[in-house]
Structure formats: structure tokens, C-alpha cells
1. Out of everything in segment 1-15 that is in a helix (DSSP H, G or I) and of a type in the set (D, E, K, R), what residue ends up being modelled with the lowest pLDDT?
2. Out of the residues in segment 216-247 that are closer than 24 Å to residue 37 by Cβ and among the β-branched types (Val, Ile, Thr), state the one that is surrounded by the fewest Cβ atoms within 10 Å (Cβ to Cβ).
3. Quickly run through segment 16-31 and pick out the residues that are in a helix (DSSP H, G or I), in contact with a helix residue (DSSP H, G or I) (Cβ under 6 Å, 6 or more places away or on another chain) and not aromatic (Phe, Trp, Tyr).
4. Give all pairs with beta carbons closer than 7 Å in which a residue from segment 243-267 that is aliphatic (A, V, I, L, M) meets a residue that is in a loop (DSSP other than H, G, I, E, B) and modelled with pLDDT of 90 or more; count only pairs at least 6 apart in sequence or on separate chains.
Amino acid sequence: MNYVDPETRDLLAAEYVLGTLSGAERRRFERLLSGDRDLRDLVERWEQRLNPLAESVPAEEPAAHVWDKIARQIALARAPAAPIREGRFDRLWDSVGFWRGAAALAAATAAALLLYVVSLPQSFAPEQIAALDKRLARIEDTTKGLVASPPTHVAVLLDKDQRPMMTADLDVADGRLVLRLNLTPPRDFNRNVLEVWLVSPDGTRRSLGLFPSERPGTTTAFVLPHATAEALAQAALAVSLEPRGGSTTGEPSGPVLFTGSLMPVAL
């Protein structure tokens, strides 16, 4: 596929935001995202374009037994390892309403793209419309998969004020770690970058790489060796502020800005 072609890039960005890219195609696009700022800007513009449409679509409530099952599994998944200070976000994470809203947003986003495609100008080439129609045929199955097939592990990285700065999805099977920055840390990024660390239960820290941007909404993916993904499933993530190029010591050399432990998801 020609990833330089502007129309192809724009179409892929739209599909990525919607969630209709799957399997190897999605992983390949996420690898491109980590090193292509212009492509990340395209993704952000599609998010800004589709979110208002999604908000205007009525939510569709799944059956009550689905939420009962989710609530039971979340309760089982929260291991009583070490005492954790409960804050506002902890209560939100345990809320069944929170997960209902997440599923409703997935369905609403699919409907929003349908509205967008209907309003496309007639100047679009027939083959582009045909390509979009083909993708739309998979929307229903894809959005169902978003609820029924979550990552194997998730994490919310909190700062010292208990703000949810970053979210993480880990799929141990394929070693894919997807990180999304929710808020910009109040730091100087003219000469500094964010670096992501795996923190083992014994306190050992290992760099997973640099996060590409300090802009909220930035999403990137790391493809980890299987052994590293398995280790991460039993560990925590931390993000530190480092000089450009990252730490040269093998340990965080700047302040650790936010952290969060991985939690298994079993639905």
C-alpha cells in the first residue's frame, strides 16, 4: 500500500479513528503513527471531526446481563495485591455506567461515520466511495468486537494529583501495547521528551521507548517481544521526563510524572 499518497493516508486515518482497521493492517498503521507526526495530526483531525457527530447519535443500550457479567469480571480481576489509595478515578473505573458509556461511544462513532459518508461531496471518485462502502459493511461486526474482545490487560497512569494522564491497552498474545495521552503534563517540552518504562514488581525498570508527543490525544503503539509483554502483564508502567533522545543511564534520569499497574481484563 502507498502510505505516501495523501488520499490513502486520510482514508486510513479515518478508519483508524473509527476502529475498522484490524489485525496486521491496524498494527502496521500504529507503527507508522509512532514516527510520523503529520499522520498523527490527521488522526487527531478525524477525532475532532467525528466526536461531535458521535455525541449527536442516541446511545444504544446492550442487554442488562452483559453489564452484569462485566461488573462481575471486573470485581474478580481486581487482585488484592497491595493497598491502593482510592481516588475519583478508581470509583469511575469500578462504575458499570462508565463501561456502558464506553460501549455506547463505540456504537455512536460507527453511526457518526455513516452520517459523514452520506454527506460526502459528489466530487469524490467512485472508487473512493466504493472503498468506504466496503469498510462500512464491517462496522457492525467491528463495534461488537470492541466490547466483546478487549485487550488482555489495561492500565490508567495517574500523576501525583491522581489525574488520569495516560491509558494503556496491552495484548499479550501479539505483544501490542497501545498508549494514549489524555492530558499534557505541565512541563517544558522544548528540550525534553516522555519516556515509557516497564517497572517490575521488584522495582527493576526497563525502557520501552520514547512517547512521540506531549499533545493530548496522541496515540502510539509499541510492538513488544512476547517475553516482555508477559513480564509487563505482571508489572506496572511509568513515564518520565527525559532529555531529547531519552535517558542514557538505563534508568529514569528525570522525574517520573505518572505511573499505573496493568490489570487483567477477563470478559
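The values are calculated or read from the model by the stated rules, or taken from the named source; none is laboratory data. Quick caveat: nothing in here was measured; it's all calculated off a predicted structure. Positions of Cβ are generated from backbone atoms using ideal geometry, with glycine treated the same way; all protein chains shown enter the neighbour counts.
1. Looking at residues that are in a helix (DSSP H, G or I) and of a type in the set (D, E, K, R), I get 7.
2. In this case the residue turns out to be 223.
3. Hits for segment 16-31 are 17, 18.
4. 257/159; 262/235; 265/152
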